[in-house]
1. Got a sec? Which of 464, 432 is exposed (fewer than 14 other Cβ atoms within 10 Å of the Cβ), touching a residue at least 40 places away in the same chain (Cβ under 8 Å) and under 31 Å from the mean Cα position of the chain (by Cα)?
2. Return yes when residue 502 is in contact with a strand residue (DSSP E or B) (Cβ under 6 Å, 6 or more places away or on another chain) and surrounded by 12 or more Cβ atoms within 10 Å (Cβ to Cβ) and no when it is not.
3. Filtering region 319-351 down to residues that are within 23 Å of the chain's Cα centre (by Cα) and closer than 21 Å to residue 268 by Cα, which residue is surrounded by the fewest Cβ atoms within 10 Å (Cβ to Cβ)?
4. I'd like the full set of residues that are over 16 Å from residue 159 (Cβ atoms) and exposed (fewer than 10 other Cβ atoms within 10 Å of the Cβ), limited to region 84-123.
5. Within the set of pairs 6+ apart or on separate chains, which have a first residue in region 395-417 that is not assigned by TED's automatic domain parsing to the domain that holds residue 471, a second that is part of a helix (DSSP H, G or I) and surrounded by 14 or more Cβ atoms within 10 Å (Cβ to Cβ), and C-beta atoms under 7 Å apart?
6. Residue 268 is checked against (1) within 29 Å of residue 165 (Cβ to Cβ); (2) modelled with pLDDT under 90; (3) assigned to a strand (DSSP E or B) and fails just one. What number does that condition carry?
7. Listed residues 341, 295, 311; which is under 28 Å from residue 598 (Cβ atoms) and touching a residue at least 40 places away in the same chain (Cβ under 8 Å)?
8. Check region 105-120 and report whether any residue there is more than 22 Å from residue 163 (Cβ to Cβ), assigned to a loop (DSSP other than H, G, I, E, B) and touching a strand residue (DSSP E or B) at 6+ places or on another chain (Cβ under 8 Å).
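The values are calculated or read from the model by the stated rules, or taken from the named source; none is laboratory data. Treat the numbers as computed from the prediction; the structure is a model and nothing was measured. Don't worry about glycine lacking a Cβ; one is built from the backbone with ideal geometry, like all the others, and counts go over all protein chains shown.
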């Protein structure tokens, strides 16, 4: 065979090929040939510029770290959807590429010297107020960056900030505009409305069998069941291993004595806060302006819990009136801790405090000193803590056994018998998910429709649903997509037709009533069962008026009154509206309030103009996602 290769290599065609390879080596190097087969497709292309997959992966990793840090020490990485993270990061990288291209096209520039100055002046890279190279490299390494990668990121971010600042700093509002906005915000209206429900018309509406059949024939191609699978599974639950009764008194006493030897009385403070985040929708200036406005409202006696519920971006505490519970200094970031522990009396409220999360308005609720607990007081919690620790160890051991057994077994019977688990069956799950806890987990759905499970009918690898539950699944039944029979969808189609016909009937009837009201007819003359609901001097946030109706009433022109309108509500009902009068309050702002409002509105306008710029760049760009 080797001799045949040598003989064939002496031909003219072989010599031409060898010559071309030699020329390619000389001009482009070895990677020109290797790269032909190994070049990785970019994650996306933006106006011809590639976004590398490695940049996408690095961004996803950084986003995951930030989310887990915000979730706290009990963060569960398995709750994060990598596909959702990847889509969000890719869109951010596309937007970054567009904005950098825009800045460069406008001639914005950042020299290497300026980048050097930004780096050496960054506090995170300093020790004792001076730039430290080792600190710089350590911080970057922990974040997954090299110095060159960070310089490139810093250049891009600074270029984008330059263009963004041009919009934010050049936007302004005049005193007249502020007066007009305040006047509109404080405006009240005398309003009335009457709701005409759809249900009565629905009960009186009928459709024929021929109409239902016609709609079925029209929708045949779309009336398909989704492809589904039914899964068998075994579930390993850490809570099943928690048994305080097997923990000995000696173990509890030993842990208690260790705890007392290390016990140091700490001051705890109960605290509430309102967080105003700095993010893509709100820059630092706008966040500070909003935080200052909230602080002024609190100074005027506003309810802290109510403002926390309305404005705080910390969703976990906002529903609790902003309460974070009892905290020690060590559990808080430095800026927050300094502000909190400078307060002397419960009820004190801080000025806006800036941290890495945004601006906080902090209220001290209680000061408490921890006391040394007796053995009897601590025994129950310590016994449970030891049981939890031991359960974690047994849970991890069983997870490893489950992985080995499910990998080698032809079904779930052996793992179930060996680990004393029950084989259970799921509800049908489509590629979009399902109604039970397995169908709501994206990792389970992805595994269920993989070729290993769907075609080879293998057991899945152990899938961590959360920190305490692990599951192994296996396809029991594959349900391909099929055409739905008429009998299966008849009732649904009938309801759709009845709803459409009833809505059309009600809209026609209420439109006739609207026309009659506009001609001066009284409502009671149109229908004896209808009566106006009336509110005098309703405000823009007045809870006495339903929000849908209130929004439309305040959008109505007030040139002449009474004025009538017709509104279809989200539940399908209709509402007749009547605007009777408009009141304007003449409350003048003082100089401080005027300056604050001009700052807030100017920043908001600049942010809106900048967002319009971003949207325009997206609309005009050529973007290819791979």
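1. On the way: 464 fails: exposed (fewer than 14 other Cβ atoms within 10 Å of the Cβ).
Result of the check over 464, 432: 432.
2. Numbers: in contact with a strand residue (DSSP E or B) (Cβ under 6 Å, 6 or more places away or on another chain): no; surrounded by 12 or more Cβ atoms within 10 Å (Cβ to Cβ): yes.
Criteria not met by residue 502.
3. Of all residues in region 319-351, those within 23 Å of the chain's Cα centre (by Cα) come to 319-324.
Imposing the further condition that a residue be closer than 21 Å to residue 268 by Cα reduces the set to 320-324.
Working: 320: 15, 321: 18, 322: 26, 323: 19, 324: 20.
In this case the residue turns out to be 320.
4. 123
5. Listed by first residue and then by second, the contacts come to nothing, as the list is empty.
6. Against the list (1) within 29 Å of residue 165 (Cβ to Cβ); (2) modelled with pLDDT under 90; (3) assigned to a strand (DSSP E or B), residue 268 comes up short only on (1).
7. Working: 341 fails: under 28 Å from residue 598 (Cβ atoms); 311 fails: touching a residue at least 40 places away in the same chain (Cβ under 8 Å).
Unique residue meeting the criteria: 295.
8. no
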